[in-house]
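The values are calculated or read from the model by the stated rules, or taken from the named source; none is laboratory data. Owing to the predicted nature of the structure, the values given are computational and were not obtained by experimental measurement. Using ideal geometry, Cβ is built from the backbone for each residue, glycine included, and neighbour counts are taken over all protein chains shown.
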Amino acid sequence: MKRILISTIAVSALLFNISCDTDFDQDVSSIVVSKGDADFTKYVALGNSLTSGYRDNALYIDGQNESYPSMIAQQMQLAGGGAFKQPMMPNNTGGFTNLPGFAGKLNLQVVNGALSPVPSAPAAALDNVTPGGPYQNLGVPGAKSFHLGAAGYGNMAGLATGQANPYYVRFATSGTSSVIGDAVAQAPTFFSLWIGNNDVLSYATSGGTGVDQTGNTNPATYGSNDITDPNVFASVISGYVNALTANGAKGVMANIPNVTSIPFFTRVPYNPLTPALLGSNITALNSGLYGPLKQALTAFGAGDRINLLSATSANPLLIVDNSLTNLSAQLTLALTPSLGVQTATAFGQIYGQARQATSEDLVLLSTSSVIGTPVTGAPASINLNGISYPLANQYILTKTEKNKVLTATAAYNASLKAIATSKGLAFVDANAKMIELSKASGIQFDGVKYTATFVTGGTFSLDGVHLTGRGYALIANEFIKAINTTYKSTLPMVNVNSYSGVKFP
Amino acid sequence: MKKIVVTTALLAGILAQAGGFRVALQGVKQLAMAHTSAHAEDASVGFFNPAGISFIPNKLSVAAGGFGINADISYQNPSTLESYTTENPMGTPIYAAVAYKIVDEVSVGFSFATPFGSTVEWPTDWAGREIVQKIELKAFYFQPMVSFKLAPWVSLGGSFIYAKGSVDWTKTVSQLGGTLNIKDDQATGKGFGLGFYFKPSEKLDVSIAYRSPVDMKADEGVASFNVSSSLYPLLGLDANGQDKFKAILPLVDEYTLGVTYKITPKWQISGDFNYSGWDRYQQLTLDFENAPVGNQPDDPTKLVSPKNFHSTQSWRVGTQYMVTDNFAARLGYYYDESPYSDENFIPETPSFNANVITGGIGYKWKGLGIDLSGAYNFQTPRTVNNAYLDFYGQAKAKAYYFGLGLSYNAF
């Protein structure tokens, strides 16, 4: 009997030793964060609006506090990282009262029963925070690749001529300093460089009104909405990286997301003209405008520019495409017998380069407020934007324009990757991440599903171009992953859900 | 005999048990012996096997008891270095049973018990708050039963199960900038129990029982969104920010085979085998009336969450030694297996593989019995690897139970 008891106890004890360890192998509180081969003592971040924490079409305190460099810096501080100072805005609204075109942030408000982003008035005049510097977040909203090396980009006097940027004026160390110079002067041990979006983005958000400067290597001659020459792009970035790494600093670079993955270009469909929206006008439009136009255009071999409006399915917008052969004269000639010289001339001028949009054209987010509104000065029967009057170039990024953007982006991204590789720097494929985000499946984090859908996707702020705190956190984690992979550090990821998303009223 | 004991002990280490949100605490005396089933000493046997009431030694038996559960779950994420521990209130499952022998061959009984439930409360800022912040699941089983002695050594019993339950689940809805609570305390379900109880000799008790699954239907659920009122129209909510929902929560079936053998008049050992049909819990569907917070392309108001549970087995061993004629000492051990893999870990029903040691004492005086028992769970930490939720990390738990039971047998 005793023996049975003893053997039972012995076996039980054995089983216990096998499977009764109730604690974690390692508690996270005892994990030591390693810097690996990198040195995070002095981290500086270079870039544009995305780096500054810009969102909702403004730079403001809450956004800056959730900039991706500040998130990264916080994690670096667990591995010997130093202080990370940002040139904080004086208020939580943003904008500059004394400069035209710098409104305060967009707020979501209920307008006519629907939620809409509404701009707020700028909260203060341009301030100067240079005495509080030097700053480690050197992100300058609006900066293009070549701007970072431009001496005087922070000179107040240059604002009027467009040679300076108010966001850099705020914290530039002098009237002749450059962003890259201010960075190098701090002798950084680690840097991040995410620049180049604006080299294509301003062209894209202006509906392709600028010029593709590919082949022109003198950026001083560029307009603000132009596409930067890829060779200029590669050479200036190469110069920055050489300067930053001259003293042995390590760093991380990121490439540029395609415009096709951001809601500013994907929110408004090319065919928002539903039968319900057009109502009984469809017949009149077809007989008075679309029909005659199609007939005339067909005669000139361009009948595919326009199709009759459908009464059962959504119809595409009427747009201007500057890449089309201008058929103004031909149209006028063809329409004169039926419409008379005066009207036919007007038609010719208006529809000479008009066509219906296709799924390959991108309608700008800002265009949504223009569609269906009357065009001043246009004949009353054909004055509805996008319906009876073609949307002007500035409202649409046409297929041709889009392809210029994509071609330049691909060239930039190839250079960025090559430069990062040649210097052994960590590299973030931000483009791939944004493409992943823009898919229907999105990106999950701890049970929350994020997508690139405007407002409801949670990652893009109300301007449709810049990210929310959660969107920036997704990006911060990509930077951290790349840094860890390249430098064998063990910086922890940030919790995406802990940052702010879109604020509802 | 030695061989049997050793073999049983070994099997107990390999095989497993119920898990999930099954709370196997329906008898204080039984818990002290690893919650084994072949104990026809009082009316509490009715929950384990309705046929068992035929072998209660007295004409009338009443039993009742309650437990305290202290359980804490910890989660940590080595990737973000975050860690959180639940702030669970004490769980208090209870039971009560009565059995009466109308004639020698026919006994009737009634059992009330809380065999399913779960209360988990995480800190409000914890990483998995989109999945659950706080959940309270409860199911009450009301079981009238009858048992017939087919022969002096065998009985057949059956019960009808009427189940009443409640769910109260709060989670964040990050994309809407708020929280969502779903609540229904009117859920009901039906089922049955069936069993044979054998007592071929004074030394041996054998219990074979089946308890059917019960589908708890929540038809009158209220979903309360604590979000900006500007979103109410978009979500189809009423002026209070509320919507209705329907759901069905499956409570699983269980097969039990139990044996008790008296080695000496004073010393008995018991063994149990359970099989629980957790594979019924493949997914949870919340069907909202208006709110488009679902994930089905063809029905935006339907939220389907995969659960992918698998069925589990368990082996239990327990023993009782009568120190005096009145005083009993009890011990037990069982191994508890989680009904899901690391890939399906869900923090609203945290479940672990666990070694459980049980023990207790009992005192009998005339027909009156008082029992105390306790159990300690040695739960194995596990990896959380849920790609569906993008929820990763590690989880561990510690839990102990204690119980106080009373029984009275008369005539």
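It is to be established whether one or more residues within the stretch A:447-461 are in contact with a helix residue (DSSP H, G or I) (Cβ under 6 Å, 6 or more places away or on another chain) and more than 14 Å from every other protein chain (Cβ to nearest Cβ).
Scanning the stretch A:447-461 turns up no residue that is in contact with a helix residue (DSSP H, G or I) (Cβ under 6 Å, 6 or more places away or on another chain) and more than 14 Å from every other protein chain (Cβ to nearest Cβ).
Let me confirm something: among A:367, A:400, A:345, A:332, which residue is touching a residue at least 12 places away in the same chain (Cβ under 8 Å), farther than 25 Å from residue A:282 by Cβ and within 32 Å of the chain's Cα centre (by Cα)?
The conditions single out A:400.
Check residue B:224 against each of (1) closer than 16 Å to residue B:185 by Cα; (2) modelled with pLDDT under 95; (3) not hydrophobic (A, V, I, L, M, F, W, C) and name the one condition it does not meet.
(2)
For the stretch A:78-122, which positions are within 14 Å of another protein chain (Cβ to nearest Cβ) and touching a residue at least 12 places away in the same chain (Cβ under 8 Å)?
A:78, A:79, A:107, A:108, A:109, A:110, A:115, A:117, A:118
So, residue A:308, is that one assigned to a loop (DSSP other than H, G, I, E, B), closer than 29 Å to residue A:261 by Cα, aliphatic (A, V, I, L, M) and without any contact (Cβ under 8 Å) to a residue 60 or more places away in the chain or not?
no
What number of residues within the stretch B:164-188 are over 23 Å from the mean Cα position of the chain (by Cα) and without any contact (Cβ under 8 Å) to a residue 40 or more places away in the chain?
Of the residues in the stretch B:164-188, 1 are over 23 Å from the mean Cα position of the chain (by Cα) and without any contact (Cβ under 8 Å) to a residue 40 or more places away in the chain.
Within the stretch A:481-502, identify whether any single residue is within 30 Å of residue A:268 (Cα to Cα), within 13 Å of chain B (Cβ to nearest Cβ), among the small types (Gly, Ala, Ser) and not in a helix (DSSP H, G or I), and answer yes or no.
Yes, because at least one residue in the stretch A:481-502 is within 30 Å of residue A:268 (Cα to Cα), within 13 Å of chain B (Cβ to nearest Cβ), among the small types (Gly, Ala, Ser) and not in a helix (DSSP H, G or I).
Filter the stretch A:419-438 down to the residues that are free of Cβ contacts under 8 Å to residues at least 24 places away in the same chain and away from chain B (no Cβ under 14 Å), then identify the one that is nearest to residue B:126 (Cα to Cα).
If we take residues in the stretch A:419-438 being free of Cβ contacts under 8 Å to residues at least 24 places away in the same chain and away from chain B (no Cβ under 14 Å), then A:432 is nearest to residue B:126 (Cα to Cα).
Restricting to the stretch B:190-218, and then to whatever is under 30 Å from residue B:262 (Cβ atoms) and among the polar types (S, T, N, Q), can you tell me which residue is modelled with the lowest pLDDT?
B:201
Residue by residue, here is whether (1) under 18 Å from residue A:214 (Cβ atoms); (2) part of a helix (DSSP H, G or I) holds:
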residue	(1), (2)
A:378	no, no
A:387	no, no
A:394	no, yes
A:400	yes, yes
A:405	yes, yes
A:410	yes, yes
A:414	yes, yes
A:417	no, yes
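Which of the strands (runs of 3 or more DSSP E) found entirely inside the stretch B:193-253 contain at least 1 residues meeting this: under 31 Å from the mean Cα position of the chain (by Cα) and within 14 Å of chain A (Cβ to nearest Cβ)?
B:214-226
Of everything in the stretch B:378-396, what is more than 7 Å from every other protein chain (Cβ to nearest Cβ), touching a residue at least 60 places away in the same chain (Cβ under 8 Å) and either crowded, with 21+ Cβ neighbours inside 10 Å or outside any strand (DSSP E or B) (or both)? Give them in sequence order.
Passing the criteria: B:384, B:388, B:393, B:395.
Taking the stretch B:142-184, which residues are of a type in the set (Val, Ile, Thr), in contact with a Phe, Trp or Tyr (Cβ under 6 Å, 6 or more places away or on another chain) and surrounded by fewer than 19 Cβ atoms within 10 Å (Cβ to Cβ)?
B:154
Only one residue in A:212, A:229 is among the charged types (D, E, K, R) and without any contact (Cβ under 8 Å) to a residue 60 or more places away in the chain, so which one is that?
Going through A:212, A:229 in turn, just one is among the charged types (D, E, K, R) and without any contact (Cβ under 8 Å) to a residue 60 or more places away in the chain: A:229.
List every residue pair whose Cβ atoms lie under 6 Å apart, where the two residues are 6 or more positions apart in sequence or sit on different chains, the first residue falls within the stretch A:23-35 and is within 8 Å of chain B (Cβ to nearest Cβ) and over 23 Å from residue A:483 (Cβ atoms), and the second residue, located anywhere, is modelled with pLDDT of 90 or more and assigned to a loop (DSSP other than H, G, I, E, B).
Every condition considered, the pairs that remain are A:24/B:381.
Would you check if residue B:347 is within 10 Å of chain A (Cβ to nearest Cβ), under 21 Å from residue B:137 (Cβ atoms) and either in a strand (DSSP E or B) or modelled with pLDDT under 95 (or both)?
For residue B:347, the condition - within 10 Å of chain A (Cβ to nearest Cβ), under 21 Å from residue B:137 (Cβ atoms) and either in a strand (DSSP E or B) or modelled with pLDDT under 95 (or both) - is met.
I need a count of the residues in the stretch A:187-212 that are in contact with a strand residue (DSSP E or B) (Cβ under 6 Å, 6 or more places away or on another chain) and either buried (at least 24 other Cβ atoms within 10 Å of the Cβ) or in a loop (DSSP other than H, G, I, E, B) (or both).
Selection size over the stretch A:187-212: 12.
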